[in-house]
Amino acid sequence: MKVVPQVFYKNSNIEKVLVDGLSCVILKSVQQADLQNERYLASHALTLVLNGALQVEDPEGNLTIVNKNEILLLPKGLYMISDVIPKDESFEAIVFFFDEEITDEFLMNFEMTKSESTSDVLLIKYDHNLRLFVDALLTLYKGKHQHQFTKPKLLELLHLIALSDQGKAFISKLQSLKSRERKPIKKFMAENFDKPLDIEDYAYLTGRSISTFRRDFKSKIGISPKKWLIEKRLEKATLLLKEQSDSVTNIALRVGYENTSHFIKAFHKKHGISPKQFQINHRKNIMI
């Protein structure tokens, strides 16, 4: 699983037009499909497809197809996302990531309304005003690295969408994200403990504040979420090291560790031996 937009910052083939923490504007152009299409969006995102199409599946199995010249609002969360690449062409998109600080500032201008939509995603028309905004943005900032303008330009984009035909639905959707439905902690964590996510991410995904998540977690499971995550990830890693000949780095990634050295340190602390030596010793024991 890849965590975005962070993974885009490390990709030299993706142009970073504006960047400020987890808020950014990036230009993506690919000619080959990425088979690792499980994504965690660490910020809300608006994706404008410029060529090709985008296929998005949420955790409930709801599928959305975004065609050329359509914009998709995709809230922070877990998704399966695939670029649909036309034959002999490339998939092209501009993605606007905006964190909750920007959302909160934007929503201060509007009264609370009741959301009637049951789906997290929202398709938005790429109208004349939005075309003018995108054209001007790319002309002014592409290749300039003037990242201090990230927040004001993203706020301008949100206000332009609020003025569009789908403005009410857009505002209502953003407001609804402030009071997400709570998910059962035990079930969700059992299904997702091996994702490379932090406690803050799990809290958001289960519809809780960090403090409420920690309290509910300890009440339901009996230990702190951090300690439980370490135990569950190392338990799965131990099984994989016994059963497979995969590299330590790949196994670390498969159990939720993006930093291999952190995985090795945690494994050694639990077993008194490195993951590689554990793997070698287990193979010797099988051969004997």
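The values are calculated or read from the model by the stated rules, or taken from the named source; none is laboratory data. What you see is a predicted model; the values in this text were computed from it and never measured. Methodologically, a virtual Cβ is constructed for each residue, glycine included, from the backbone with ideal geometry; neighbour enumeration extends over all protein chains shown. These area figures cover heavy atoms from the full protein model, side chains too; ligands, DNA and RNA do not enter into them. Shrake-Rupley method; radii C 1.70, N 1.55, O 1.52, S 1.80 Å.
With respect to GLU191, determine if the residue is of a type in the set (Asp, Glu), in contact with a helix residue (DSSP H, G or I) (Cβ under 9 Å, 6 or more places away or on another chain), assigned to a helix (DSSP H, G or I) and within 23 Å of VAL3 (Cα to Cα).
Spelling it out, it is not the case that GLU191 is of a type in the set (Asp, Glu), in contact with a helix residue (DSSP H, G or I) (Cβ under 9 Å, 6 or more places away or on another chain), assigned to a helix (DSSP H, G or I) and within 23 Å of VAL3 (Cα to Cα).
Quick one: count up the residues across segment 238-276 that are polar (S, T, N, Q) and either loosely packed, with under 13 Cβ neighbours inside 10 Å or at positive phi (or both).
The total comes to 5.
Which numbered condition in (1) in a strand (DSSP E or B); (2) modelled with pLDDT under 95; (3) within 14 Å of the chain's Cα centre (by Cα) is the only one that THR47 fails?
Looking at each condition in turn, THR47 falls short on (2).
Any residue at all in segment 168-189 that's more than 19 Å from ASP58 (Cα to Cα), of a type outside the set (Phe, Trp, Tyr), surrounded by 16 or more Cβ atoms within 10 Å (Cβ to Cβ) and touching a Leu at 6+ places or on another chain (Cβ under 7 Å)?
yes
Per-residue answers, yes or no, for (1) more than 30 Å from ASN13 (Cβ to Cβ); (2) assigned to a helix (DSSP H, G or I); (3) touching a Cys at 6+ places or on another chain (Cβ under 7 Å); (4) touching a residue at least 24 places away in the same chain (Cβ under 8 Å):
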position: THR150; (1), (2), (3), (4): no, yes, yes, yes
position: ILE171; (1), (2), (3), (4): yes, yes, no, yes
position: GLN175; (1), (2), (3), (4): yes, yes, no, yes
position: LYS195; (1), (2), (3), (4): no, no, no, yes
position: THR212; (1), (2), (3), (4): yes, yes, no, no
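Listed here are the residues, each with its yes/no results for (1) buried (at least 16 other Cβ atoms within 10 Å of the Cβ); (2) over 26 Å from VAL30 (Cα atoms); (3) modelled with pLDDT of 95 or more.
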residue	(1), (2), (3)
ASN67	no, no, yes
PHE110	no, yes, no
LYS114	no, yes, no
SER117	no, yes, no
LEU122	yes, no, no
TYR126	yes, no, yes
LEU132	no, no, yes
LYS142	no, no, no
HIS159	no, yes, yes
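Looking at segment 31-40, is at least one residue open to solvent by 60 Å² or more (accessible area, probe 1.4 Å) and over 30 Å from ILE251 (Cβ atoms)?
Taking every residue of segment 31-40 in turn, at least one turns out to be open to solvent by 60 Å² or more (accessible area, probe 1.4 Å) and over 30 Å from ILE251 (Cβ atoms).
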